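In what follows, a structure is listed as structure tokens, so that the remarks can point back to it.
The values are calculated or read from the model by the stated rules, or taken from the named source; none is laboratory data. Note that the coordinates shown come from a computational prediction; the quantities given were computed from them, not determined experimentally. Virtual Cβ from ideal backbone geometry, glycine too; neighbours counted across all protein chains shown.
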Amino acid sequence: MNFVNLPKIELHCHLDGSVRPETIIDIAKKEGIDIPSFDRDEIKGQITAPLECTSLNEYLKTFVIPNLVMQSKESLRRITFELFEDAAKENVKYMEVRFAPVLHMVKGLEIEQIIQSVIDGIKDAEQKHDIEGNLILSCMRNMSADKAIEVVERGKKFLGKGVVAVDLAGGEEEGFSKKFVEPIALAKKYGYRVTIHAGETGIGKNVLEAVELLGAERIGHGVFIKDCHEAYEIVKEKNVALDMCLASNVQTKAVNSFNEHPIYDFHKDGIKVTVNTDNRTVSDTNMTKEFDIVSKEFNISYEDYKQIYYNSVEASFADLETKERLKKLI
């Protein structure tokens, strides 16, 4: 199959992990930001994680440099536009991008300004390219529940205007869901949809708790439900979709190799899996590459591809009209 030409949906893509290296250099020069090098290849090397990372925490170190240049309204808008432009070039028709607003306050921007800048970038791309998008607000698990509440409160005015959901991201420790029951409950009350990073680093029970305690409708990664029967069963029973990201899962050592990835076993057993990049720059990937991996390792059929596409449409936080339009593309 030629995946480049097929319509695609991406539900799990981090803004700060998907910045063009040349854009980092250009913004750094314009805004007088000190970065380790102004050579494109050197910067690319420093913001791309090796395939042989030792852990998720090592993988997360590659986000330091991009965040240096994501501290102005102009840079946030530009970087968002370019991400959607890159996605549109490979026939991604709808994308949900996620980011943590609190990481972009270093130079004095308010959370509302930060969110608006990213929404503006999405709208710029929608006007110029055949792609639609929405925004997921990530709260960082290494921060307090109060900080998460602040993001939820400040972001609620953008619900229905580009923001669709809330997320918990960052390093994963056992039992993290308990700390965030209050902010996620508040988010649901306001009308946010809920997706949670869980089960990425060997703790399947985190997926169970994300669904039971936080009401997660989608799980970022969820690889380790394979080792937790209760988590596996609740995902299957409640039709919780899994945002799966093969390249990044090998890099973070969620799995040791592509052929060990559980995505196809899950798919065959009726679990709703979706295919995503996670971080286009950090993982040196795109949606076409991700599907090429799935195809090469598991020999998926066109029917498999269609089912994963429909899973993605259904699991998306787009409105019903958009979902119907996306379904008709394939």
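When residues in the stretch 81-109 are screened for being closer than 26 Å to residue 149 by Cβ and either in contact (Cβ under 8 Å) with a residue 40 or more places away in the chain or part of a helix (DSSP H, G or I) (or both), 9 of them pass. Taking the conditions (1) charged (D, E, K, R); (2) touching a strand residue (DSSP E or B) at 6+ places or on another chain (Cβ under 7 Å); (3) surrounded by fewer than 24 Cβ atoms within 10 Å (Cβ to Cβ); (4) under 23 Å from residue 270 (Cβ atoms) in turn, residue 188 satisfies each one other than (4).
Could you please let me know if residue 172 is within 24 Å of residue 104 (Cα to Cα), assigned to a loop (DSSP other than H, G, I, E, B) and not aliphatic (A, V, I, L, M)?
Considered against the rule, which asks whether it is within 24 Å of residue 104 (Cα to Cα), assigned to a loop (DSSP other than H, G, I, E, B) and not aliphatic (A, V, I, L, M), residue 172 comes out as yes.
Taking the conditions (1) of a type in the set (A, V, I, L, M); (2) in contact (Cβ under 8 Å) with a residue 40 or more places away in the chain; (3) over 25 Å from residue 194 (Cβ atoms) in turn, residue 11 satisfies each one other than (3).
From 293, 300, grab the single residue that is outside any helix (DSSP H, G or I), β-branched (Val, Ile, Thr) and either over 14 Å from the mean Cα position of the chain (by Cα) or more than 28 Å from residue 82 (Cβ to Cβ) (or both).
300
Given the structure, is residue 293 aliphatic (A, V, I, L, M) and at pLDDT 95 or above?
Yes; evaluated as a whole, the condition is true for this residue.
Among the residues of the stretch 255-270, is there at least one that is crowded, with 21+ Cβ neighbours inside 10 Å, within 24 Å of residue 90 (Cβ to Cβ) and within 18 Å of the chain's Cα centre (by Cα)? Yes - at least one qualifying residue is present in the stretch 255-270. A search for C-beta distances below 7 Å between a residue of the stretch 127-147 that is within 14 Å of residue 10 (Cβ to Cβ) and of a type in the set (S, T, N, Q) and any residue that is at pLDDT 95 or above and crowded, with 24+ Cβ neighbours inside 10 Å, counting only pairs 6+ apart in sequence or on different chains, returns 134/96.
Residues that are among the aliphatic types (A, V, I, L, M) and over 23 Å from residue 185 (Cα atoms) were ranked within the stretch 101-130; the one that is surrounded by the most Cβ atoms within 10 Å (Cβ to Cβ) is 118. May I ask you to verify whether residue 239 is out of contact with any strand residue (DSSP E or B) (no Cβ under 6 Å at 6 or more places or on another chain), under 23 Å from residue 306 (Cα atoms) and outside any helix (DSSP H, G or I)? Here the answer is yes, as residue 239 does meet what is asked.
Of the residues that sit in the stretch 131-172 and are of a type outside the set (Gly, Ala, Ser) and touching a Cys at 6+ places or on another chain (Cβ under 6 Å), which one is surrounded by the fewest Cβ atoms within 10 Å (Cβ to Cβ)? Top of the filtered list is 151. Within the stretch 62-80, being over 18 Å from residue 285 (Cα atoms) and outside any loop (DSSP other than H, G, I, E, B) holds for 64, 65, 67, 68, 73, 74, 75, 76, 77, 78.
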